[in-house]
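The values are calculated or read from the model by the stated rules, or taken from the named source; none is laboratory data. These numbers were taken from a predicted model, which means no experiment stands behind them. Positions of Cβ are generated from backbone atoms using ideal geometry, with glycine treated the same way; all protein chains shown enter the neighbour counts.
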Amino acid sequence: MDIQENVSQLNQFRRELHQTFGLRRDALMELVDAVSSTPHAWSVVALSLSPSFRRHYSSMHDAIAHLFQPSEPEKADEERRAWEQKLVRLIAAYLPEPQERKFWLFGTDVVPIPRPFASTLGDRTFVHQPNTLKGNKPVTIGHDYSHLVFFPEKVSADDPPWAMSMIVRRVHSDEKATGVGAEQIDALMKDETLPFHDELCVHVADSLYSAITYLGPVAKQEHKNLVEVVRSRCNRVFFGQPPPMKAKRPQGHPTWYGERFDLKDPSTWGEPDIVEETTVTTRKGRTYQVRLEGWRDMLMTGKRDLPMHKYPFTLIRVRVLDEAGNPVFKHTFWLIVIGERRNELSLVEAWESYGQRYDVEHYFRFGKQRMLMAAYQTPDVGHEENWMQIVALAVVQLWLARDLVRLLPYRWERYLPEAERETASPSFAQRGFGRVIQQIGTPARPPKPRGKSLGRAKGQRQQPRKRHPVIKKSKKAPKPA
């Protein structure tokens, strides 16, 4: 794609995004541009100092509040889902089709947004937060947000980690991240207007999503074109296929499971059904041998409403060996590949697909360090959800401008490896996006000052906001009546 096509595509996306916004669309468009072009802002309100935002700082908070507003509080979730799907269709129209690989690649993960001191913010729970001090519990108080992202195909192994968020949803205090993830993938796969609806799609996730609370609902959705590649914990127990039934059915419960397959006991594994090998070279130039062993048609136990014995999967054991044949990592790496079209993926393709899952971790780090993903301080939960969606749209805009920004390095950076890459990194794209806007313009109209507001009446006092308790999720589900 040449420069003119890139400019035309970016302008078209910006015009359609501007028309998608309802109220305050001009302020929202300039806010997305400010997030996309201001890497060193120390707070959200400081984005009003960006040249891309031509309005007063109060217009910024007003724009965030009007990104999505439900007609009634009882219809908030339903109307927000419809609004999310509208944005998904907009973003999906600009996703690049896979060239070398034969499938579209997606992933899901949860990012914590710490808000330990926001006592007026509702529905806060205990969320994960890494802690460098040994012995301290890695928890804090805040919200969890589940992101379903798209992973573009990489031209080379040195390509920067890009991930575009398709659906962003907050994990409520009465929900689990696995349940929200299952709802997100269902909303994505059942939309017949999306370009990948009839194509093979692969979804990758970490060991949290290997639980039956996620794999069970996804398998029951019966998306025939979806293949799940998730990591399994090393202490799981699976089973092989049951022995063939005799001509005369015996009395009692039918046999659903075969021989036991304990991941901690190598004596229960048996010989793999398929073995593949490949090599991988690190950035430091070290070459390792990767040995992949696969067992097909494995089964896992389920529940009464989640009959997992009906959904077989392929179990993959991954071993990375050095030149002497010794394992590089201490623990064994296991992958679960489940779906009707799972056999269309080779073991190497499944392992390489999961390897790109780590790009979502870079996406979260970039979002928090440069895009102010976790910096918006507000007592309104709906406004916080709106801000997370604005950040996601800004990353998509940077992705579409990656090739234009690559042509605009500083004079002293022309010979650096970053400037010679075929694809610009997210941080490089954000730093140069302001110059792109100066060249192509903006669909937002300039502000029209209307004078100063009268403000509050003299003697008027605001009612103090309600304080909300921190909700602690129970480990065990309540027993049915």
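Is there a residue in region 30-37 that is of a type in the set (D, E, K, R) and in a helix (DSSP H, G or I)? Looking for residues that are of a type in the set (D, E, K, R) and in a helix (DSSP H, G or I), one finds at least one in region 30-37, hence yes.
Residue by residue, here is whether (1) at pLDDT 90 or above; (2) hydroxyl-bearing (Ser, Thr, Tyr); (3) loosely packed, with under 13 Cβ neighbours inside 10 Å holds:
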residue	(1), (2), (3)
Ile3	no, no, yes
Asn6	no, no, no
Leu10	yes, no, no
Met29	yes, no, no
Val44	yes, no, no
Pro73	no, no, yes
Ala76	no, no, no
Leu95	yes, no, no
Thr108	yes, yes, no
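Residue by residue, here is whether (1) at positive phi; (2) not small (Gly, Ala, Ser) holds:
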| site | (1), (2) |
| --- | --- |
| Lys264 | no, yes |
| Gly270 | yes, no |
| Arg319 | no, yes |
| Ile338 | no, yes |
| Arg341 | no, yes |
| Ser346 | no, no |
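Residues of region 154-166 being under 15 Å from Ala205 (Cα atoms) and either β-branched (Val, Ile, Thr) or assigned to a loop (DSSP other than H, G, I, E, B) (or both), which ones? Result: Ala163, single match.
Each row is one residue, and each column tells you yes or no for (1) under 16 Å from the mean Cα position of the chain (by Cα); (2) under 30 Å from Val396 (Cβ atoms).
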position: Ala182; (1), (2): yes, yes
position: Glu199; (1), (2): no, yes
position: Val218; (1), (2): no, yes
position: Phe239; (1), (2): no, no
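Taken together, Pro130, Pro112 contain a single residue that is free of Cβ contacts under 8 Å to residues at least 24 places away in the same chain and under 30 Å from Ile471 (Cα atoms), which is Pro130.
Residues checked against (1) modelled with pLDDT under 95; (2) under 27 Å from Arg402 (Cα atoms); (3) surrounded by 18 or more Cβ atoms within 10 Å (Cβ to Cβ):
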position: His147; (1), (2), (3): no, yes, yes
position: Ala157; (1), (2), (3): yes, yes, no
position: Met164; (1), (2), (3): yes, yes, yes
position: His172; (1), (2), (3): yes, no, no
position: Glu175; (1), (2), (3): yes, no, no
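Residues in region 258-268 that are in contact (Cβ under 8 Å) with a residue 40 or more places away in the chain, within 34 Å of the chain's Cα centre (by Cα) and assigned to a loop (DSSP other than H, G, I, E, B): Leu263 alone. Taking the conditions (1) touching a strand residue (DSSP E or B) at 6+ places or on another chain (Cβ under 9 Å); (2) within 21 Å of Leu215 (Cβ to Cβ) in turn, Asp305 satisfies each one other than (1).
Check Ser43, Ser52 and return the single one that is within 18 Å of Leu404 (Cβ to Cβ) and either touching a Ser or Thr at 6+ places or on another chain (Cβ under 6 Å) or assigned to a loop (DSSP other than H, G, I, E, B) (or both). Exactly one of Ser43, Ser52 is within 18 Å of Leu404 (Cβ to Cβ) and either touching a Ser or Thr at 6+ places or on another chain (Cβ under 6 Å) or assigned to a loop (DSSP other than H, G, I, E, B) (or both), namely Ser52.
Restrict the check to region 180-197 and report whether at least one residue is more than 30 Å from Arg304 (Cβ to Cβ) and β-branched (Val, Ile, Thr). Don't jump to the end; show me each part of the working.
Restricting attention to region 180-197, the residues satisfying the condition of being more than 30 Å from Arg304 (Cβ to Cβ) are 191-197.
Subsequent filtering for residues that are β-branched (Val, Ile, Thr) retains 193.
Among the residues of region 180-197, at least one is more than 30 Å from Arg304 (Cβ to Cβ) and β-branched (Val, Ile, Thr), which makes the answer yes.
Given the criterion out of contact with any Lys or Arg (no Cβ under 9 Å at 6 or more places or on another chain) and among the polar types (S, T, N, Q), identify the matching residue among Ser52, Ser37.
Values: Ser37 fails: out of contact with any Lys or Arg (no Cβ under 9 Å at 6 or more places or on another chain).
One residue alone meets the criteria, Ser52.
The single residue among Leu393, Leu372, Leu398, Leu321 that is over 19 Å from the mean Cα position of the chain (by Cα), farther than 16 Å from Leu105 by Cα and among the aliphatic types (A, V, I, L, M) turns out to be Leu321.
Among what's in region 347-399 and is of a type in the set (D, E, K, R) and not in a helix (DSSP H, G or I), pick the residue that is surrounded by the most Cβ atoms within 10 Å (Cβ to Cβ). Walk me through it before giving the result.
First pass over region 347-399, keeping only residues of a type in the set (D, E, K, R): 349, 352, 357, 359, 361, 365, 368, 370, 380, 384-385.
Within this subset, residues satisfying the condition of being not in a helix (DSSP H, G or I) are 370, 380.
On the way: Arg370: 17, Asp380: 14.
Residue satisfying both the conditions and the ranking: Arg370.
Using the structure shown, decide if Val381 is touching a Lys or Arg at 6+ places or on another chain (Cβ under 8 Å) and either at positive phi or modelled with pLDDT of 90 or more (or both). Talk me through it step by step, then tell me what you get.
Working: touching a Lys or Arg at 6+ places or on another chain (Cβ under 8 Å): yes; either at positive phi or modelled with pLDDT of 90 or more (or both): yes.
Criteria met by Val381.
Kindly provide the set of residues from region 131-145 that are part of a loop (DSSP other than H, G, I, E, B) and either crowded, with 19+ Cβ neighbours inside 10 Å or basic (Lys, Arg) (or both), ordered by number. So that I can check it myself, show each step before the final result.
Step one: list which residues in region 131-145 are part of a loop (DSSP other than H, G, I, E, B), which gives 131-138.
Result: Lys134, Lys137.
One residue stands out among those in region 118-127 that are under 23 Å from Lys176 (Cβ atoms) and in contact (Cβ under 8 Å) with a residue 40 or more places away in the chain: the one that is surrounded by the fewest Cβ atoms within 10 Å (Cβ to Cβ), which is Asp123.
Of all residues in region 419-455, those satisfying the criterion of being more than 30 Å from Arg406 (Cβ to Cβ) and modelled with pLDDT under 85 are Pro449, Arg450, Gly451, Lys452, Ser453, Leu454, Gly455.
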